[in-house]
Structure formats: C-alpha cells, structure tokens
Amino acid sequence: MDAYLIQGMHGLVYGMLLFLVTSGLTLVFGMMGVLNIAHAAFYMVGAYFAYTLVAWTGNFWICLILAPIGVGLIGAFVERVLLRKVHALGHAPELMLTFGIFYILAEVVKWIWGTYPLSVQPPAVLAGSIPFAGGIYPTYRLFILLISAIVLLILAFIMQKTRIGITVRAAVFDNEMVDILGTNVQAVFLGVFCIGSALAGLAGVVAAPFLTTYPGMGLEILIDAFVVIVIGGFGSVWGALLAALMIGELQSFGIMFIPQLALVFQFLLMAIVLVLRPQGLFGEAA
C-alpha cells in the first residue's frame, strides 16, 4: 500500500506539472482555434532560462520570476508580429507557423546551450526529503504540487470572478460576438497568448530541477499536452486539470504494472473519450 501511495504521488506531481503547461495552451486553442505547437518550445526555453539565470545569480527564486516574464515577452512578440499577420489566412497557416517557430526555437536552444543534458539544482530549502508513507519523499516534488495549485487557484479566481475572466470565457465561446460588443478581441488574444506563454515558461522553470533539461524536452511534453487538451475539451481549464491528472496517474501506474505499454494507455483513453464525447470531457458541443 505504501508503494501505491508513493506511485500515486508521482502521478499527481507529473499531472499537476502537465496542467501547468497546458492551462495556457488550452485557452489559446479555445480562443484562436489553433494548436500552438510553439507552446512546447516556450516550456523548453523556460527551462533553459532557469539554467542560465541560476548559473548567473545562484538564486532559483529570482529565475522563478524573471524566466516566465522573458518567455511571456517572446510569446507576445510571436502573437503580435507573426501569428496575427496570418490569422486571416485560416487555421492551417497558423498551425504551420507555430510548427516553424517550434523548430526554430529548438535550433536556437541547441546553438546557444548545446545538445548535452543540463541540470538545474533546486534551492537548498527544497533539496531534501520528508517522511511519507513509511519512507521519504522529495521536498521539491511537493513544491511542484504547491506552485501548480497556486496557479490553478489564481486562474480559477481570474476566470470566474473578474471582468477579464468573463471576457476571456466569452471570447472562447464566441469571439466574433465579443468583438461586435466593443471588446478589442485582438488585445484579448495578445494578453491570453502572453500569459499562456509565461505559464509555459513557469512550467519549464519548475520542471528544470525535476526533469532533464535537453533540446528534446519540448517535443516530449508536446505529445502529452496534445492528449490533455483533446481529453479535457478545448478552452476548458478544469478539463485540462482533470485530463492532466488522469494522464499523470495512468503513466505512473502504467510504468509500475505494465512498463512496456505505459505510454499506450493515454492514447487509449483519448480514443475512448473521442468516441463517447468528441468535444472532450468539459468541452462544448458544436
């Protein structure tokens, strides 16, 4: 039973990290109708920013603030200068553009930091372990749970209790009507894209001491993120949360029981959801 509890915690930690990555992506997808492949590259860049800032400053907490801001500014540039110009051409050109940005950022990362895996040390206060389920559990993994929960609460408050959140939810449902009613939808797009990119950067910073920082980490998280937004439903933060937790636990216990098929279970779950509810668990029917 202790082993099951620890394995469940592993799944919960990865699921919350996955939610941190996909929370911004699912909103951008819901509003703009384009799967932003570059989002995974923003996550990767956030991890590399964390490596550099920790090396320069020796302070993990500073890079926890600065790196997401830097990635958010990159996202704002991409949306304002590149993505907006092809928006009128349809979703396919937007998708191809984000594919290109993803590969460009991957090559830039290799050019600047190289192809070797890099490690980021967690702060000293989070480097130890605490007693858990008859054994010990890394403190840093609990920190991942904490910061992901904080982001979830902040997003839930903004989306449900503020005028900005109401506007964003309305734009997800029908951006043309929101535009007719006098809201600058382009500004909403820019703000959501910037915040979504910053959340991806934050996830990269948090993931850097937990996972290996290497050029392929963006592609690795992209697959799981795609599954999450399909299962959860386009534009639904709560759907992204539930789907991310399901994927985290499936991977964790799949590795424990059937390691050869661990990666298959999430795609099997996605197939079942698409058959029973094509719009996703929390998505709106077309």
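Values quoted throughout were computed directly from the atomic coordinates according to the rules given, and no laboratory measurement underlies them. Nothing here was measured: the structure is a model prediction, and the numbers come from that model. Reconstructed Cβ throughout: ideal geometry from the backbone, glycine too, with neighbour counts over all protein chains shown.
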Worksheet entry | On Cα atoms only, tilt of 163-180 relative to the major axis of the chain in degrees | 40 degrees
Practice prompt. Working from Cα positions, state the angle (0 to 90°, nearest 10) between the long axis of helix 2-32 and the longest principal axis of the chain.
Written response: 20 degrees
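Stretch K161-E176 to full length: gain in nm at 0.36 nm per residue minus the Cα-Cα span?
Details: separation 15, 0.36 × 15 = 5.40 nm, distance 2.27 nm.
Full extension from K161 to E176 adds 3.1 nm.
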Worksheet item: Once both axes come from the Cα atoms, what is the angle between helix 38-57 and the longest principal axis of the chain, in degrees from 0 to 90, rounded to 10?
Response: 50 degrees
Worksheet entry | Potential extension, I154-V81 segment - 0.36 nm per residue separation minus Cα distance | 23.4 nm
Worksheet entry | In order through the range 247-259: 3J(HN,Hα) via Karplus (6.51 cos²θ - 1.76 cosθ + 1.60), integer Hz, x for Gly, Pro | 5, x, 6, 4, 5, 5, 6, x, 5, 6, 9, 9, x
Worksheet entry | Ascending count of other beta-carbon atoms within 10 Å, so fewest first, for T167, T212 | T212, T167
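Quick check: convex hull over the Cα atoms of the range 131-245, volume per residue in Å³, rounded to an integer?
Numbers: hull volume 14.4 nm³, N = 115.
Cα convex hull per residue, to the nearest whole number: 125 Å³.
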Response to the item:
For T52 and T212, extending 7 Å from Cα along the Cα-Cβ vector and measuring point to point gives, in nm, a value of 2.3 nm
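For the range 29-115, what is the convex hull (Cα atoms) projected area averaged across all directions, in square nanometres? Walk me through the numbers before you get to the answer.
Working: hull surface 24.0 nm².
The number I arrive at for the range 29-115 is 6.0 nm².
What does the helix-only formula give at 222 nm for the chain: each DSSP H stretch with n ≥ 4 adding -39500 (n - 2.57), the total divided by the residues, and the result rounded to the nearest 500 deg cm²/dmol? Let's see the in-between values first.
Working: 10 runs with 206 residues, N = 286.
Result for the chain: -25000 deg cm²/dmol, rounded to the nearest 500.
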Worksheet item: Just A38, A127, A67 to compare: in a GNM of the chain, with alpha carbon springs under 10 Å, which one fluctuates most?
Response: A127
Worksheet item: Given 10 Å bins starting at zero, what is the percent of C-alpha pairs of the range 2-218 in each, up to the one with the largest pair distance?
Response: 8, 32, 33, 20, 7, 1
Practice prompt. Would you mind telling me which residue in G182, G33, G196 has the biggest mean-square fluctuation in a Gaussian network model of the chain, where springs connect alpha carbons within a distance under 10 angstrom?
Written response: G182
Worksheet item: In terms of modelled amide H atoms, which long-range or inter-chain residues lie less than 5 Å from the amide H of S129?
Response: T139
Fill in: Most mobile listed residue (G135, G233, G216) in the chain, GNM with C-alpha springs under 10 Å
G135
